[in-house]
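> Structure provided below as structure tokens; questions to follow.
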Amino acid sequence: MSLVVALAGAMGWVQTPVYDDALAPGWASWSWSGQYDFASAALADGAAAIACQADGWGALSLHADTPFGLAAGHSGLRFRYAGPADGVWFVLEADGERVQSERLVVGALAPVSSDALTEIVIDFERFGPHAWTRIDLMDATGNGARFVVDDIALLTGPLGPTGFTGAEPVALDAVEVLGAGDPAALRVTLDGDVVPVIERVELASPTRTLLRLGTSLGPGALRVCDEARCFDVTLTDAAARVGDAPTHDISPDIYGIAGPRDVNASVAALGAQVVRWGGNAVSLYDPVGHFTNAGADWFFANRDGGDAAAWIAQVQGAGARAAFTLPVLDWVARDAVSCAFPPSRYGAQQNVEPYGRDCGDGRTPAGDPLRGNDPRIHARPWDVAQGEAWMRSVATPPEIAFVGNELDIASETHRDVHPEPATYVEVRDRFLTWSSAIKAAWPETQVAGPSSCCWWFYWNSMAGDADKGAHGGEDFLPWFLSEVAREDAASGLRRLDLLDVHYYPDGVFSDANDPATQARRLRSTRSLWDPNYIEEGWIGRDQWATQRQPNRNAVMLIPRLRALLDARYPGTRLGVTEWNWGAEGELSGGLAAADALGIFGREGLDLATYWTTPGADTPAASAFALFSEFGRRSVPVDGYDPDALGVFAARDAAGALTVVAVNKRPNEARVLRLPGVEGAATLRRFGGALSARTASLEGVHVDGAVVVPAYAAVLLRVEPSAAPEVDAAGGLTVVAVNKRPDEARVLRLPGVAGPATLRRFGGALGALTASLEGVHVDGAVVV
């Protein structure tokens, strides 16, 4: 990270080169899956540029010997780019921290084309003070991407002209102005009328100024100006009704994640209560040798699988509950290096692993699956006796155990060892056999299954119509539940504690972030609960997944499966242990995650684990962090438009009311009316002008409404009102202070009734005091 070579005078940048015709000392290419020419003449601004042909998910990856970023004094990064607008991600990685930044679509950073280089500047402040070690430009499509990069440099100093960059209302009496400028010059109007500013407070991370207002905001055209520019915000009205009392406890197990690189850091940062060991890569895990196999996800290649017993203890030591997936197929990986379909043995294949191992994808060059492979070249036999012996050796059993992972599609994901489609009977029998072993070895562990992959296989098997017909045409999950309930009743042993499914919403589980997908992504959270939300893809059309389920074009996932459990195996809990709405590095994905977490709590889901762990500093991670401060006793909320808002409420252990509001509209801040919600509050938010970052605001006064910025989520914590005291004679005394100079208040005091005396000062009396006897109180008093 050698010498400073240039000063960009107009901007005030000091530049430290990363690539200028060649990689600078201290930098190396760690690029993968593609061809990367560091001496290309194509579009070069100078002697050379980097011409990139990334294969599917491949990346130009530049690694620094010395970490860079805010902690190292760098304010940002500059590079020049020519290529597709929507097919390449920009990502930073901190190898020492096992952290990856949010993924930014390059075309969202500047107008770009494939014909000419465009300068792009990245502000490191949006990513936090991590010790970054890698710069990645990665194919975002899975189909490959061609692009050119040149003139890469780290920047020290201001990234652009100084001044304010945007304004955002954050409370009824507060506006934040982003950027740096003269706070005294800021003026606020609403519909042209001056809004008095009574306090200006400069804040950091990000740099901004908080304006405390002398009057409350309402719907209208908000304008914030300094001497150089104005920022306009549209404020619109919305309303929701918050109930009086909690209806049920929210299960802490809904705030779960899967496969974090750093268990302790992720549990602490996200407030995760459950950590899952799962996914296709653990289906062939050998807990004795600690090997596993990725199946069709990665060339059926064996690899190191880690020590599961140590992992369980680590999760529990971090303060979370361990949710462990047992391998229940007939084979497990035999080592960390073999592959199921080596081309040297089975001939040319459609794709081979790009890192030099003799691993093919198990398909002929024409795309047909290879048949008749010998599992013994990469796997060893595995059975329930071996599994139970290993379970008994584990010092601290997991709190939750899954019988396999997506057995319904094993003939696709693990056709190297399970080439035949799984039938109804096979899934049932494997579940009953292995759950019995789990209960014998780990009697306190809750058993979950069948971890079905997706909507189609909730109702069908891979073995097709003939298999379904052999069971009277009955849908799979109802049949499975009835069979397990019958077997459990006969044995006297409950082997199914929790029905587990995986759910990825129709049409939005991707990194697509065009406006139409953004809007659909935020609407589609209704599929978790709403019988009136007809799916906008194949499920909502005349699909044939099921002919027996009521209202089959509406998923209404949680109430549908709850009703199924009540009918077929009462007392069974419900989990969704893979879920993801896509685009976790974008606001639409983070807001959808926040909406889903709120729905899980409101609908009484028992267990949920995100797939996998949201990347650090992403909007999805901010959604988890927001709910780590949410109460645990659900309070009902209604009266709002779920396509425009998500609104959730709960009481915490101290009795405070917590409200999360998700604004799904990108161009409208909301004045959200919450009748009856009043008092001193703190506010925490992400989104809007903050993007993935979070910020808190104390000293907020809530008077029946809260402001939710456009495309943002807020958590409001309203402190519980102090209980009125009883005097020595048993009388109730109440002191009320009206802080509004122009409004008398009819103060409702439900349950406070009877003859009273009243003493007061202020108002028309000024400093004088006066008493009034013979007052009759009937649940209210005038202040």
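The values are calculated or read from the model by the stated rules, or taken from the named source; none is laboratory data. These figures come from a predicted structure and were not determined experimentally. Methodologically, a virtual Cβ is constructed for each residue, glycine included, from the backbone with ideal geometry; neighbour enumeration extends over all protein chains shown. Protein only, heavy atoms only, side chains kept; ligands, DNA and RNA dropped before computing areas. Shrake-Rupley method; radii C 1.70, N 1.55, O 1.52, S 1.80 Å.
> Residue by residue through the range 228-239, which ³J(HN,Hα) values in whole Hz follow from phi under the Karplus form 6.51 cos²θ - 1.76 cosθ + 1.60 (θ = phi - 60°), with glycine and proline marked x?
9, 7, 10, 10, 10, 9, 8, 9, 10, 8, 8, 8
> Please list, in chain and number order, the residues 5+ apart from Val197 or on another chain whose amide H is under 5 Å from its amide H, with Hs placed from the backbone.
The list, which skips near neighbours in sequence, is Gly214.
> Taking every pair of alpha-carbon atoms in the range 631-690, what share in percent sits in each 10 Å bin, from 0 to the bin with the longest distance?
18, 52, 28, 2
> Direction-averaged shadow area of the convex hull around the Cα atoms of the range 15-117, nm²?
Computed as one quarter of the Cα hull surface, the answer is 6.9 nm².
> Also, quick follow-up: Between beta-carbons, use under 15 Å as the cut-off and find the net charge around Thr207, counting Lys and Arg +1, Asp and Glu -1.
My count for the surroundings of Thr207 gives -3.
> Sticking with this structure for a sec: For Tyr19, tell me the accessible area in Å² from a 1.4 Å probe, rounded to the nearest 10.
0 Å²
> Of all DSSP beta bridges located in the chain, what percent are antiparallel, nearest 5?
80 percent
> Can you give the net charge of the other residues whose Cβ lies under 15 Å from the Cβ of Gly762, counting K and R as +1 and D and E as -1?
Combined, the nearby Lys, Arg, Asp and Glu give +3.
> Something else about it: What ranking do 358-364, 321-327 get when scored by the average of other Cβ atoms within 10 Å per residue, highest first?
Averaged packing, sorted descending, gives the order 321-327, 358-364.
> Considering the Cα trace of the range 114-219, what is its radius of gyration and what is Dmax, both in angstroms?
19.8, 55
> What net charge is computed for the residues neighbouring Ser628, neighbours being all others with C-beta under 13 Å from the C-beta of Ser628, Lys and Arg scored +1, Asp and Glu -1?
Charge balance in the 13 Å sphere: +1.
> Can you order the peptides 257-264, 43-50 by their average number of other Cβ atoms within 10 Å per residue, highest first?
257-264, 43-50
> Stokes-Einstein D for the range 488-529 at 10 °C, 1.306 mPa s, Kirkwood Rh over Cα pairs, in µm²/s?
Reported coefficient: 120 µm²/s.
> Please list, in order along the range 650-664, the HN-Hα scalar couplings obtained from phi with the Karplus expression 6.51 cos²θ - 1.76 cosθ + 1.60 (θ = phi - 60°), rounded to whole Hz, x for Gly and Pro.
7, 9, 8, 5, 8, x, 5, 8, 10, 10, 10, 10, 10, 8, 8
> In terms of modelled amide H atoms, which long-range or inter-chain residues lie less than 5 Å from the amide H of Trp13?
Answer set, sorted by chain and number: Ala8.
> Farthest toward the dipole's positive end in the range 455-565, which of Asn532, Ser510, Phe480, given Cβ charges of +1 (Lys, Arg) and -1 (Asp, Glu) about the Cα centre?
Asn532
> Return the sequence-ordered ³J(HN,Hα) values of the range 589-606 in whole Hz as given by the Karplus equation 6.51 cos²θ - 1.76 cosθ + 1.60 applied to θ = phi - 60°, using x for Gly and Pro.
x, x, 5, 5, 5, 4, 4, 5, 4, x, 5, 4, x, 5, 7, x, 4, 8
> Now, a different point. Could you pull the accessible area for Thr733 with a 1.4 Å probe, rounded to 10 Å²?
Surface open to solvent at Thr733 totals about 70 Å².
> Same structure, new question: How do 242-250, 700-708 rank on mean C-beta neighbours within 10 Å, highest first?
Peptide ranking by packing, descending: 700-708, 242-250.
> Quick one, what does Rg over Rh come out to for the range 244-356 if you take C-alpha atoms and the Kirkwood Rh?
Rounded to two decimals, Rg/Rh equals 1.13.
> What do you reckon, how do Asp383, Asp416 stack up by accessible area (1.4 Å probe), largest on top?
Asp383, Asp416
> Note the direction-averaged projected area, equal to a quarter of the hull surface, for the Cα convex hull of the range 399-489, in nm².
6.2 nm²
> Search the structure for amide H atoms under 5 Å from the amide H of Lys664, placed 1.01 Å from N in the peptide plane, and list their residues when 5 or more places away or on another chain.
Leu645, Gly646
> Once the chain is represented by equal point scatterers at the alpha-carbon sites, with solvent omitted, what log10 I(q)/I(0) does the Debye formula produce at q = 0.04 Å⁻¹?
Relative scattering, expressed as log10 I(q)/I(0), comes to -0.20.
> What cysteines in the chain have no other cysteine with a beta carbon less than 4.7 Å from their beta carbon?
By the Cβ distance rule, which asks for a partner under 4.7 Å, the isolated cysteines are Cys52.
> Moving on. Based on alpha-carbon positions alone, could you give the equivalent ellipsoid semi-axes of the range 622-773 from the gyration tensor, as √(5λ), descending, whole Å?
36, 18, 14
> Restricting the calculation to Cα positions, tell me the Rg (one decimal) and the Dmax (whole number) of the range 455-589 in Å.
Radius of gyration, then largest Cα-Cα span, for the range 455-589: 16.6, 55 Å.
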